[in-house]
Amino acid sequence: MKYYVLFGPPGAGKGTQAGSMVERYHLCHLSTGELLRSEIAAGTELGKQAKALIEAGNLVPDEVVEGMIEAKFKSTGGVNGFLLDGFPRTIAQAQALDRMLENTAEKVTACISIMIPDSLIQERIAHRATIEGRADDARPEVVENRIKTYHAKTEPLIEYYKNAGRYQEIDGVGTIDEVRERIFSVMDRF
Ligand code: AP5
Ligand code: MG
């Protein structure tokens, strides 16, 4: 099984690129952001707990997302692997993922990291706000907090995956087609 971490700051293009990646490599796309938004929409207890955190641009607790990912690993079959979009997002989550995979003698195949500068994050999210209506895209101060949270808690994962020899950086500046071709040229090697 392949386990790809799809990494990058808010608005980098993770969700945009995931569709063609799962199709080409027969993967299951697991986006913790999308899973949490479905819980909110369904009004579950978990959704109620996550709502205020997400709408303020803060992370939900590690145990919550770790539990969601582990449950999906157990319940999903018939794929070549998983594309983890937006997970892990803290060192603790990365360590929890490593422990989950150790149980089946597996490892993270690669961390595919889509990088864009902070200035482009604001532009991309402002554009998406006019199309998708995501609650955490609507207010500039919330987007600022998501960027701050990314730098403080998520960016250290770059070193984590570099040290593990799993880090693959993709330039996320360019058209959607250009970025997709860069991703494919890296992933075709695995
Ligand atoms: P999540 O849903 O993961 O949001 P995010 O990481 O902030 O990332 P985005 O979905 O905003 O960006 P993206 O990279 O998918 O960009 P997209 O492809 O849409 O998480 C939301 C919240 O949930 C978190 O803040 C947190 O509270 C919680 N959460 C989730 N996971 C968690 C975890 N593991 N631990 C704790 N809490 C967690 O692209 C953006 C826009 O740009 C689109 O309009 C797109 O059309 C456009 N675009 C994309 N590529 C290009 C391009 N090349 N050129 C021009 N436009 C482009
Ligand atoms: Mg996304």
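The values are calculated or read from the model by the stated rules, or taken from the named source; none is laboratory data. What you are looking at is a predicted structure, and each value in this text was computed from that prediction instead of being measured. As a convention, Cβ positions derive from the backbone with ideal geometry for all residues, glycine included, and neighbour counts pool all protein chains shown. SASA here: full protein model, heavy atoms, side chains in, ligands and nucleic acids out. Shrake-Rupley method; radii C 1.70, N 1.55, O 1.52, S 1.80 Å.
Structural remarks
- Cross-link partners of Lys74 among aspartates and glutamates (Cα-Cα below 13 Å; sequence separation of 8 or more within a chain): Glu66
- Unit charges on C-beta of K, R, D, E only; dipole of the stretch 2-183, Debye: 200
- Near the amide H of Tyr3, within less than 5 Å, lie the amide hydrogens of Phe82, Thr109, Ala110, all on another chain or at least 5 residues away, with H placed in the peptide plane.
- Vicinal HN-Hα couplings computed from phi for the stretch 90-101 (Karplus, 6.51 cos²θ - 1.76 cosθ + 1.60; Hz; Gly/Pro x): 9, 4, 4, 5, 5, 5, 5, 4, 4, 5, 4, 6
- Averaged over residues, the count of other Cβ atoms within 10 Å places the peptides 157-167, 1-11 in the sequence 1-11, 157-167, highest first.
- Near the amide H of Ile170, within less than 5 Å, lie the amide hydrogens of Ser113, Ile114, Met115, all on another chain or at least 5 residues away, with H placed in the peptide plane.
- Within-14-Å neighbourhood charge of Val143 [Cβ basis; K, R +1; D, E -1]: -2
- Taking other residues whose beta carbon is less than 12 angstrom from the beta carbon of Glu181, and scoring Lys, Arg as +1 and Asp, Glu as -1, yields -1.
- Short-range pairs are left out: with C-alpha atoms under 8 Å and at least six residues apart, the relative contact order of the stretch 30-179 is 29 percent.
- Asp85 long-range amide H proximity, modeled H, under 5 Å: Leu6, Leu30, Ser31, Thr32
- Residue among Ile176, Ile116, Ile91 with the largest mean-square fluctuation in a Gaussian network model of the chain, springs linking Cα atoms under 10 Å: Ile176
- Nearest-0.05 FRET efficiency for Asp118 and Lys153, computed from C-beta distance (R0 22 Å): 0.90
- For the cross-link pairs Lys14/Lys153; Lys2/Lys148; Lys2/Lys48, the ones whose C-alpha atoms lie over 27 Å apart are Lys2/Lys148; Lys2/Lys48.
- Under the Karplus curve 6.51 cos²θ - 1.76 cosθ + 1.60, θ = phi - 60°, whole-Hz ³J(HN,Hα) for the stretch 133-150, x wherever Gly or Pro sits: x, 5, 4, 7, 9, 6, 10, x, 5, 6, 4, 4, 5, 5, 5, 4, 4, 4
- Across the stretch 167-176, coupling constants 3J(HN,Hα) worked out from phi with the 6.51/-1.76/1.60 Karplus curve, θ = phi - 60°, read 8, 10, 9, 10, 6, x, 8, x, 6, 4 Hz, and Gly and Pro carry x.
- Average accessible surface area per residue within the stretch 74-175, 1.4 Å rolling probe, Å²: 52
- If you model the stretch 2-183 as an ellipsoid using its alpha carbon gyration tensor, with each semi-axis the square root of five times an eigenvalue, the axes come out at 23, 21, 16 Å, biggest first.
- Helix-derived mean residue ellipticity, 222 nm - over the chain, DSSP H n ≥ 4, -39500 (n - 2.57), to 500: -17000 deg cm²/dmol
- Taking other residues whose beta carbon is less than 14 angstrom from the beta carbon of His26, and scoring Lys, Arg as +1 and Asp, Glu as -1, yields 0.
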